[in-house]
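The structure's right below; bear with me while I get my questions together.
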Number of protein chains: 2
Amino acid sequence: MNSQPDNPSPVKELFDQLMAVAISEAEQGLAEGGLPIGSALGDRQGRILGQGHNLRVQQGDPMAHAEISCLRNAGRRSNYDQLILASTLMPCCLCAGAAIQFGIGTVVVGESRNFSGERGLMESRGICVVDLNHAGCIEMMASFIARHPQLWNEDIGR
Amino acid sequence: MNSQPDNPSPVKELFDQLMAVAISEAEQGLAEGGLPIGSALGDRQGRILGQGHNLRVQQGDPMAHAEISCLRNAGRRSNYDQLILASTLMPCCLCAGAAIQFGIGTVVVGESRNFSGERGLMESRGICVVDLNHAGCIEMMASFIARHPQLWNEDIGR
């Protein structure tokens, strides 16, 4: 019998590749003294169309959440429905609103333990949401929140 | 009998003043060749804390909806609940999401005839939404959509 090797599915590989870019963005944000949240926009052929990270501290811009920076960097587009938006953390209402308004088909998140975000709202508007429950993302965010609770609360309007 | 003069309420005056700023931003956007949508953020003492307009065309930034530009220009804040966000047009899901996430107390809109937007979502999350049904806002947007339907559709991800 020809047993199949235990390979991950192509879709899972695509998600992991995109998340790796989002994580590198989060790490860059942390190195700059900002919030460690990163994002990447890709297509189903594995091309990266945009990437970015939270810039609240670096640019004094409260709207520059990771997903907003990423979508800004991806430039003007007429259609997003076949695209995948990855974020190291479950999107808040601002970023979920962006995904909904522009009709992004799939949102892949690193984790939702440190912030439950707006999964329900996105799913109610037809977005496929996948939570990778990524240990590195969980640890990076938990560590940051423990060290900078005030900045974290400011970033989510708490 | 001492009859009261037929003055508008102080709150209505506050909304009208803020909307005048938002309209001037929309007119500036139109003059720059962009979408005529403007926004202003103010407090209950009549101070303007930020203002901005849609910059999709001018900066190639699909996230720079009027409300997002305005909130970016208003800078970092720890609390928005006593503030009023005015927009010439009913916010889309991106901009409604921003208002919800940051806990903006009141959203005043010029009109919702050309775009019904996300009034229900904002109200369901506790935001007071006031629609001024402003003839000038309605005409400005209707005229733009008739002349540039493709750009309008791009801006709302349609």
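The values are calculated or read from the model by the stated rules, or taken from the named source; none is laboratory data. The structure displayed is predicted, hence computed values, not measured ones. Neighbour counts run over all protein chains shown; Cβ positions are idealised from the backbone, glycine included. These area figures cover heavy atoms from the full protein model, side chains too; ligands, DNA and RNA do not enter into them. Shrake-Rupley method; radii C 1.70, N 1.55, O 1.52, S 1.80 Å.
Can you give the convex hull volume per residue for the Cα atoms of the protein assembly as shown, as a whole number of Å³?
145 Å³
Still on this structure, please answer the following. Leaving out ligands, DNA and RNA, and with a 1.4 Å probe, what % of the accessible surface on the protein assembly as shown is carbon or sulfur?
47 percent
For residue B:131 and residue A:139, FRET efficiency with R0 = 41 Å and r from the beta-carbon atoms, rounded to 0.05?
Using R0 = 41 Å, I get an efficiency of 0.35.
Okay, moving on. Just to check I understand the Karplus step: with θ = phi - 60° and J = 6.51 cos²θ - 1.76 cosθ + 1.60, what whole-Hz values come out for segment B:93-99, glycine and proline as x?
Residue by residue, segment B:93-99 yields 5, 4, 6, 4, x, 4, 4 Hz.
Inside 10 Å of the C-beta atoms of B:99-105, what's the mean count of C-beta atoms belonging to other chains?
6
Rounded to whole Å and sorted largest first, list the principal axis extents of the Cα atoms in chain B.
For chain B, the Cα spread along each principal axis is 58, 35, 27 Å.
With heavy atoms of protein chains only and a 1.4 Å probe, what residues of segment A:57-74 have at least 40 Å² less accessible area in the full set of chains than alone?
With the partner chains in place, segment A:57-74 has these residues losing at least 40 Å²: A:62, A:63, A:72.
Okay, moving on. Quick query: amide H of residue A:108 versus all other amide H atoms, modeled in the peptide plane; which residues come in under 5 Å with a sequence gap of 5 or more or a different chain?
A:85, A:86, A:87, A:130
Label points 7 Å out from Cα along the Cβ direction at residue A:27 and residue A:151: separation in nm?
Using points 7 Å along Cα→Cβ, the separation is 1.9 nm.
Let me ask something else about it. Over segment B:65-158, what is the relative contact order in whole percent, taking alpha-carbon pairs under 8 Å and six or more residues apart?
The normalised contact order for segment B:65-158 reaches 25 percent.
Counting only heavy atoms of protein chains, what accessible area per residue, in Å², does the protein assembly as shown have with a probe of 1.4 Å?
In whole numbers, the protein assembly as shown has 43 Å² accessible per residue.
Am I reading the B/A interface right? What is its buried accessible area, both sides, 1.4 Å probe, to the nearest 100 Å²? It would help to have the intermediate numbers written out before the result.
Working: alone 8080 and 8100 Å², together 13470 Å².
Roughly 2700 Å².
On to the next question. Whole-Hz Karplus ³J(HN,Hα) for segment A:125-141, in order, using 6.51 cos²θ - 1.76 cosθ + 1.60 and θ = phi - 60°, x for Gly and Pro?
Result, ordered by residue: 9, x, 7, 7, 10, 10, 9, 6, 6, 7, 4, x, 5, 4, 5, 4, 6 Hz.
Answer with one residue from A:10, A:87, A:126: the one whose Cα lies farthest towards the positive end of the charge dipole of chain A, charges on Cβ with Lys, Arg +1 and Asp, Glu -1.
Farthest towards the positive pole: A:126.
Under the rule of -39500 (n - 2.57) per DSSP H run of 4 or more residues, summed and divided by the residues of chain A, what mean residue ellipticity at 222 nm is obtained, to the nearest 500 deg cm²/dmol?
Value at 222 nm, helices only, nearest 500: -13000 deg cm²/dmol.
For peptide B:75-87, what's the mean number of Cβ atoms from other chains within 10 Å of each residue's Cβ? Let's see the in-between values first.
On the way: counts 3, 9, 3, 5, 3, 2, 1, 0, 0, 0, 0, 0, 0.
For peptide B:75-87, the averaged partner shielding equals 2.
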